[in-house]
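Colleague: Let me begin by handing over the structure; questions about it come next.
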């Protein structure tokens, strides 16, 4: 088995992590590093002396010996670079969020399909030990019927100029929810506020509405005093508290719930009896392997075996759809934005 | 100075706490205990053998030697009992929320005013050491310009049949915010879901909209695996994290913030420079005295001196207005409900 | 079944709690309250109007209709009062520590035996949900071979004039260990320091030595900035972390351990292979009932059925033996004090 | 200013971190990497392609262009390598603990002195933001008179074959205490147990005795279910809780203490009045720079300016003296080992 040749475009915050993981994966052969910034490019080139480096990503596209590349550039450039790469016959791994619009995401999916190339989005959290364990638990049905998903991701975060807090942080939690719950929301409503710079929300609340009583709510915030990353997933039988700040016991499964019994009370009068249940708490052991290790392995394997990756273009599109609708809702003061139910979920 | 004679109507969950605090306050003379439930009444009568007990609250109203009473009954009965009490010339302390509608609250305020009697609502949290300290800090201006208020109050709570999670938990956080921020929201939007019993929300998210970029958001939940009571109050210069679960360091003041400088960049092009500041954290010592001690003292003092209490009828009304609007918004799928700006804030 | 008549001697810090629990137990009939302090006595008498009250405990001893009494007085007086009570034919529950010397404890045990009366010590923690659950776990053998017991109980505590930090706090952890481990230490060594008042240690470290590699270590401290109550119980297969400050998940069982395999390495040279195991964490649901409820129930039941209570005189003696030896070690600069192995453990 | 040429001997767990920090310091020129393990050496050589690599440290000693080197090898080899290096005229930075015996440490100090070379020990924690901030606080006198130092460093740690838990973990806390308190203990007593392998303690308790009531106590443990790294430093006026597991607020200063007033009570009878004080808690902002950055900078600067480094040979010797005495005490069942008061403290 010969190694897949890899190029990485973008060596900013996240790029070096991908570089390192590709370098450590023996089924990959790091062939190109690309960045517009001379200093960063030089630093990376020094770290990986055997790898070609350039400031022009089109040199990668033109290299017939390069099979696959990762796009780790600012969000606004994802579409253009990924499109050209797919047209050049490369397999593409794109940093989250996949694109800035639904149309762009759909075009990339189409392109990948037509060219028989892998399109994968780097929804990193999906590959963490915590989320993989929660996926097992949710899929086992142990939680009972799912009731709600509530996520808080706040911090005194890096203020960004090109995207707001929603496009920066929401892809994490939306991709986690999408992966765990596997349900389409019917509508989105969101509210936000711009305290630092006009037009760039630094705080946002997002609500997903579903066809039944299940709801999902999110709080994203760049201006919080403490770092909180906490998700609640409640079922009728058990509940999960996922605290990503905890060093080891990130996932706790609470054997707690509510039972409702409809009791016939003499004649036609039905009464509901609500009883609470509270039992043990269980913190399963989690795989502590760096998530990017699995991201890179999944990409390489799906390229090699021509199979659809776990976080494929459709997964990327689903998240972009929610972001786009949420942004529209914020601009309209929290208006509920319906999501036309496309066949986005199917992963056939 | 002769002690004020006191009657307590309702000996359920909260009543005994009020009884105990009145009994321990030497400016009060506990004269009547009232409850429909024979067992509870007997238990309390045994605990306070010198106090008259009855199942009929009208006996209290008819007692010319009774000056003041506390209404600690189910919410739906607050209005009727308080109204009759005011008409009978008694001073009245009402458990939160004051009433179930704005109209009722307004009528009680009117009645109290016309009869020259004290009407106070038991917004207990306002009297805690934590909230009183935060009031000092907010009023000092140290936080800078206020940006947002975010509160989470969740638990595997007692499911109630007569009220939903909003009417049960929101009065706490709304009264805290009302007290600390002293601003009128322009509108309310809220979303909720009924997972246990049709028509009774067990989870609710509430957003208050203001005339500027300040926002307030709340999460109330009876069906959560863990108990979280956490409030963030962010200003441009400092931020507060109030964690009511912490045994001692409930209030932390973070010397963190963002500074934005608009810099003239050559010609007419202005650029914003955002700089983060992160400094020490300070957890002020808090008065650990039971809040009800101060509630009772405030009520007795305002009765004695004929002054307006800190949490007067207007404070109760403001909270009921928000609850009523939030309930309406939930029923309308999160619609933004405008609040006609009455002169509710003035405490003249 | 007629109720057992009860007297409580001492209404200071702990007495009122015992009073309340006896009052709530329907197999007990509270007959006497006794305290030297007039104010406290009056307060308690008002709370329990049907109960006789006195400042002279000998009036209780002289009452032929009084069957049992609780001694909740300063430690130095336990022996004298309990002795007279046993001689007067009363069953006796004594606040921890049982006495101030081993001799006194032995005399009380003798007296109780000869008079056929119940002698019980109020080792409250033994009756908590946390300790009872840990007892189950330890007894199940799930922890494997026990390796060590490590306990920290520190706080900015009430400084006491009549006893030092050892006699104040150590009875808790020593009685917990005694109950859970059921092993006799061979020797005790302890170190302490008096920072506040000469002769009264406010910090003490205590080590129990056993016949094998098992060790037990304790840190007691009245002068610590934060409240820590944390016990580790390590076995070869699993480990317990008991954090009494945690509101609900006080007991965590870690599926962690070390496996050592002696491997024959070619000839006569044996090598040890050490492998670590780290698995799930489990926080069992705990009975949240107040421990004193069970203390009182155990006392009443053992009186009624003439059986030996769980925390009998021998349990009290074992703790006093450790305290006495530890105190001697502190006075001798940490010298190891051997414990002559009496047949103290047997609970025949 | 020309850069100091540096060689690093040992590329195991800690070596790569030192390599990286030397590589990033522009006043250093990384010249040699040395390790007996071929794989590790190759990996490091690939990472720093311009640096010479070898399996034989004597090649470094023989290179006249090499000025300084770091010894990051197993403890038992520190002395031999450092000695040869000093004899070869190199400046030497030695990983903690400096040596395995006091004699060896003294010989290295002598050699360095006589050859006019820098001898520094890598007591990394001394250079952390947390310890540097605590040093400021202690030196300011704000804590009042110091009362005790209590440290717990436990974990399910890597079991080591060549050293026990004492020699592995204690250098951290002993060097922190030595640096902060600047006092000589008079004696050491220690207890430990070997649960995994005969002769290698995996749990140890260590007590330092001083000429007055100040005491220092340490708990080291490789077999604990959870990771705890917590130090208490108590003074008469304030107390520090240093929790190294906390992500940001590692150091908390509690405005808590005890005041004792000797009051003349009528005639010659003096009474002590003890009053507790409890105030705010303050968590100062800490420098988050990696400690090794400062270790490397301190070494390079002291080489360049021929000054004594902060953690010089004497600091290393003081820690080794305590370790040696503690080990002797463990072997003698906790016997108190006096420390002949050499002039170890002076840093003239």
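Colleague: Which of (1) closer than 30 Å to residue D:326 by Cα; (2) touching a strand residue (DSSP E or B) at 6+ places or on another chain (Cβ under 9 Å) is the odd one out, the single condition residue D:12 does not satisfy?
Modeller: Condition not satisfied by residue D:12: (2).
Colleague: Being under 12 Å from residue A:93 (Cβ atoms), crowded, with 23+ Cβ neighbours inside 10 Å and in contact with a helix residue (DSSP H, G or I) (Cβ under 7 Å, 6 or more places away or on another chain) is the filter here, so list the residues in region A:286-320 that pass it.
Modeller: Matches in region A:286-320: A:295, A:296, A:311, A:313, A:316.
Colleague: Anything in region A:201-225 that is touching a residue at least 40 places away in the same chain (Cβ under 8 Å) and within 18 Å of residue A:157 (Cβ to Cβ)? List them, or say none.
Modeller: Those that are touching a residue at least 40 places away in the same chain (Cβ under 8 Å) and within 18 Å of residue A:157 (Cβ to Cβ): A:201, A:202, A:204, A:206, A:218, A:219, A:220, A:221, A:222, A:223, A:224, A:225.
Colleague: Condition first: within 19 Å of residue C:96 (Cα to Cα), in contact with a helix residue (DSSP H, G or I) (Cβ under 9 Å, 6 or more places away or on another chain) and in a helix (DSSP H, G or I). Can you find one or more residues in region C:42-49 that meet it?
Modeller: no
Colleague: Among the residues of region D:186-214, write down those that are more than 10 Å from every other protein chain (Cβ to nearest Cβ), surrounded by 24 or more Cβ atoms within 10 Å (Cβ to Cβ) and out of contact with any helix residue (DSSP H, G or I) (no Cβ under 6 Å at 6 or more places or on another chain).
Modeller: D:208
Colleague: Please work out if residue C:4 is free of Cβ contacts under 8 Å to residues at least 24 places away in the same chain and in contact with a strand residue (DSSP E or B) (Cβ under 9 Å, 6 or more places away or on another chain).
Modeller: No; evaluated as a whole, the condition is false for this residue.
Colleague: Among the residues of region A:56-94, what is the count of those that are outside any loop (DSSP other than H, G, I, E, B), touching a residue at least 60 places away in the same chain (Cβ under 8 Å) and closer than 17 Å to residue A:36 by Cα?
Modeller: Total satisfying the criteria: 6.
Colleague: Name the pairs whose Cβ atoms lie under 7 Å apart, with the first residue in region D:278-293 and at the interface with another protein chain (Cβ under 7 Å from one of its Cβ atoms), the second loosely packed, with under 14 Cβ neighbours inside 10 Å and part of a strand (DSSP E or B), and 6 or more positions between them or separate chains?
Modeller: D:285/B:279
Colleague: Do we find a residue being closer than 23 Å to residue B:130 by Cα, at pLDDT 95 or above and part of a helix (DSSP H, G or I) anywhere in region B:270-291?
Modeller: yes
Residue by residue, here is whether (1) within 14 Å of chain D (Cβ to nearest Cβ); (2) crowded, with 24+ Cβ neighbours inside 10 Å; (3) under 22 Å from the mean Cα position of the chain (by Cα) holds:
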position: C:64; (1), (2), (3): no, no, no
position: C:82; (1), (2), (3): no, yes, yes
position: C:87; (1), (2), (3): no, no, no
position: C:93; (1), (2), (3): no, yes, yes
position: C:125; (1), (2), (3): no, no, yes
position: C:142; (1), (2), (3): yes, no, no
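Colleague: From B:132, B:230, which residue is more than 12 Å from every other protein chain (Cβ to nearest Cβ) and either surrounded by 21 or more Cβ atoms within 10 Å (Cβ to Cβ) or at pLDDT 95 or above (or both)?
Modeller: B:132
Colleague: Here is a further query. Would you confirm whether or not region D:129-139 contains a residue that is on the phi < 0 side of the Ramachandran plot, out of contact with any strand residue (DSSP E or B) (no Cβ under 6 Å at 6 or more places or on another chain) and without any contact (Cβ under 8 Å) to a residue 24 or more places away in the chain?
Modeller: Within region D:129-139, one or more residues are on the phi < 0 side of the Ramachandran plot, out of contact with any strand residue (DSSP E or B) (no Cβ under 6 Å at 6 or more places or on another chain) and without any contact (Cβ under 8 Å) to a residue 24 or more places away in the chain.
Colleague: Of the conditions (1) in contact with a helix residue (DSSP H, G or I) (Cβ under 8 Å, 6 or more places away or on another chain); (2) surrounded by fewer than 22 Cβ atoms within 10 Å (Cβ to Cβ), residue A:110 satisfies every one except a single condition; which number is it?
Modeller: Residue A:110 satisfies all of (1) in contact with a helix residue (DSSP H, G or I) (Cβ under 8 Å, 6 or more places away or on another chain); (2) surrounded by fewer than 22 Cβ atoms within 10 Å (Cβ to Cβ) except (1).
Colleague: Right, something else. Against the condition within 30 Å of residue B:219 (Cβ to Cβ) and surrounded by fewer than 18 Cβ atoms within 10 Å (Cβ to Cβ), how does residue A:116 come out, does it pass?
Modeller: no
Colleague: When only residues in region B:233-252 that are part of a strand (DSSP E or B) and free of Cβ contacts under 8 Å to residues at least 60 places away in the same chain count, which is farthest from the other protein chains (Cβ to nearest Cβ)?
Modeller: Only one residue tops the list, namely B:243.
Colleague: Now, a different point. Residue B:14 versus (1) more than 22 Å from the chain's Cα centre (by Cα); (2) under 21 Å from residue B:121 (Cα atoms): which is the lone unmet condition?
Modeller: Condition not satisfied by residue B:14: (1).
Colleague: Still on this structure: What about residue A:72, is it in contact with a strand residue (DSSP E or B) (Cβ under 7 Å, 6 or more places away or on another chain) and within 13 Å of residue A:314 (Cα to Cα)?
Modeller: no
The values are calculated or read from the model by the stated rules, or taken from the named source; none is laboratory data. Computed from a predicted structure; not experimentally measured. Note that we place each Cβ from the backbone using ideal geometry, even for glycine, and neighbour counts take in every protein chain shown.
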